[in-house]
Amino acid sequence: MFPLLLFIGLVLVGYLTFNALYLFVSAVAGRLGNADDKPDSLAVDRVRRIAVLIPAYREDAVIIGSVIVNLQQDYPADRYDLIVIADSFLPATLEKLAQYPIQVVPVQFEQSTVQKSIAFALNQLPENRYDIVLISDADNHMAPDFLTRINRAFGQGWRAVQGHRTAKNTNTSVAVFDAMNEEVNNNLFRAGQRALGVSASLIGSGMAFEPALLKQALSRIQTVGGYDKELEMLLALEGIRIGYLQDAIIYDEKVQNVAVFHKQRTRWVAAQLYFVKAYFKTGMQQLGKGNWDAFNALVKALLFPRMILLAILGVLFLLTLLIGNPAWIVYTGGLLTLLLGSLLLSIPSALWQKLSARDFLVLPSLIFGMFKSLLKFKQAGKKFLHTPHAETSEPG
């Protein structure tokens, strides 16, 4: 019995150490490295035709505002089309959308998922009409130069890129912490990954692809939620590296209350666990073939959610203080310091300035929700859990 407990303990120690080191190295790399943006002065080879697909499930409250903003691109109007994939919209909303110079593709599925909507719309696009397909959420607002920067990246040879998604709103305590989480992910898993020479992580929106590439990958995706993880792996298996454009900004509405935060994280945990189960063997095989992008996609999925990791390391540090063992105090304190250092390096100062002491009172609820999501992941794995959005006037 004792050897088994010792083995489990050693595995846990190794796992926690790897988590903290991986995040810290990625955080430092993200700060010191460069993203894949090219100078604005660089000559553009040609103006590509772009299809902006906006999968939207019951997003009547936000879609009109998003369409109005996203039509204000500095990109030539005749070289891009906004295509709203309207799943279960109200008739009144469809009538309003018809007044704008966009395309609307009404859809309705027995079980709605984002990838089903995107795949349906892709199949409706005229063959060879578009050079780039870009995915945007219903609540997303592209910065005026977003498509220009995407076009410039494809001119440099990229076939898949992820833009810089950032918070559109910080109007509640939960929204501020969600905005911080977004920027931590940007630094660790996009800027940091590219600085280390591997693919940037996809995030579900603000991402662009060659149409045929996306169409082929989507035909192979099986997950109900979190399709971006599977899409990232499928691209890696084809040898397609994903670039990251730090200066290509797209604004995303952040979760505004604890209940919605818990629902969203439950979906994310389900997607992560599905991915590990489906691609663990594949990822390990790709390591043997020298495909670091595919193996790294698996490694990222094996990491603890950061809030859970923070709670575990915090509790362990307190326990070692109570026990009084100097070696364990140094060990747990060191891991906690690495994790906190990763967060401090990754969160922009502007977001810290939005926090007040009262905002930290919501943190226990958010952390508890992450643990709770581990118990509810089976529900999200069988049914798509929609994250509702509400129009906000707060500028990005």
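The values are calculated or read from the model by the stated rules, or taken from the named source; none is laboratory data. Predicted model, so just to flag it, every value in this text is computed and none were measured. Reconstructed Cβ throughout: ideal geometry from the backbone, glycine too, with neighbour counts over all protein chains shown.
What about residue 67, is it part of a strand (DSSP E or B), touching a residue at least 12 places away in the same chain (Cβ under 8 Å), aliphatic (A, V, I, L, M) and in contact with a helix residue (DSSP H, G or I) (Cβ under 8 Å, 6 or more places away or on another chain)?
Values: part of a strand (DSSP E or B): no; touching a residue at least 12 places away in the same chain (Cβ under 8 Å): yes; aliphatic (A, V, I, L, M): yes; in contact with a helix residue (DSSP H, G or I) (Cβ under 8 Å, 6 or more places away or on another chain): yes.
Taking the combined requirement at face value, the residue does not satisfy it.
Please find, among 81, 74, 87, the residue that is under 22 Å from residue 123 (Cβ atoms) and touching a Pro at 6+ places or on another chain (Cβ under 8 Å).
Just a single option satisfies the conditions, and that option is 87.
Tell me which residues, restricted to segment 1-57, are over 19 Å from the mean Cα position of the chain (by Cα) and among the hydroxyl-bearing types (Ser, Thr, Tyr).
The answer is 15, 17, 41.
Looking for something part of a loop (DSSP other than H, G, I, E, B) and among the charged types (D, E, K, R) - is there at least one such residue anywhere in segment 74-86? Working first, answer last.
Kept after step one, since they are part of a loop (DSSP other than H, G, I, E, B), are these residues of segment 74-86: 74-76.
Remaining after also requiring among the charged types (D, E, K, R): 74.
Scanning segment 74-86, I find at least one residue that is part of a loop (DSSP other than H, G, I, E, B) and among the charged types (D, E, K, R), so the answer is yes.
Please state which one of 277, 263, 300 is modelled with pLDDT of 95 or more, part of a helix (DSSP H, G or I) and charged (D, E, K, R). Before the answer, list the steps.
Numbers: 277 fails: modelled with pLDDT of 95 or more; 263 fails: modelled with pLDDT of 95 or more.
Criteria check complete, one pass: 300.
Within the bounds of segment 179-194, is there any residue that is crowded, with 22+ Cβ neighbours inside 10 Å, among the charged types (D, E, K, R) and over 24 Å from residue 260 (Cα atoms)?
yes
Tell me, please, whether a residue that is of a type in the set (S, T, N, Q) and either part of a helix (DSSP H, G or I) or modelled with pLDDT of 95 or more (or both) can be found in segment 41-61. If you could, list the steps in order and put the result at the bottom.
Step one: filter segment 41-61 for residues of a type in the set (S, T, N, Q), giving 41.
Those still in the list that are either part of a helix (DSSP H, G or I) or modelled with pLDDT of 95 or more (or both) too: none.
No; the residues of segment 41-61 include none that is of a type in the set (S, T, N, Q) and either part of a helix (DSSP H, G or I) or modelled with pLDDT of 95 or more (or both).
Failed condition for residue 184, given (1) out of contact with any Leu (no Cβ under 7 Å at 6 or more places or on another chain); (2) in a helix (DSSP H, G or I), with all others met?
So residue 184 meets the others, but not (1).
Taking interchain pairs and intrachain pairs at least six residues apart, which have beta carbon atoms under 7 angstrom, with the first residue in segment 360-375 and at pLDDT 80 or above and the second hydroxyl-bearing (Ser, Thr, Tyr) and part of a helix (DSSP H, G or I)?
If the second residue must be hydroxyl-bearing (Ser, Thr, Tyr) and part of a helix (DSSP H, G or I), the pairs left are 362/173.
What is the number of the single condition among (1) within 27 Å of residue 212 (Cβ to Cβ); (2) at pLDDT 95 or above; (3) touching a His at 6+ places or on another chain (Cβ under 7 Å) that residue 84 does not meet?
(3)
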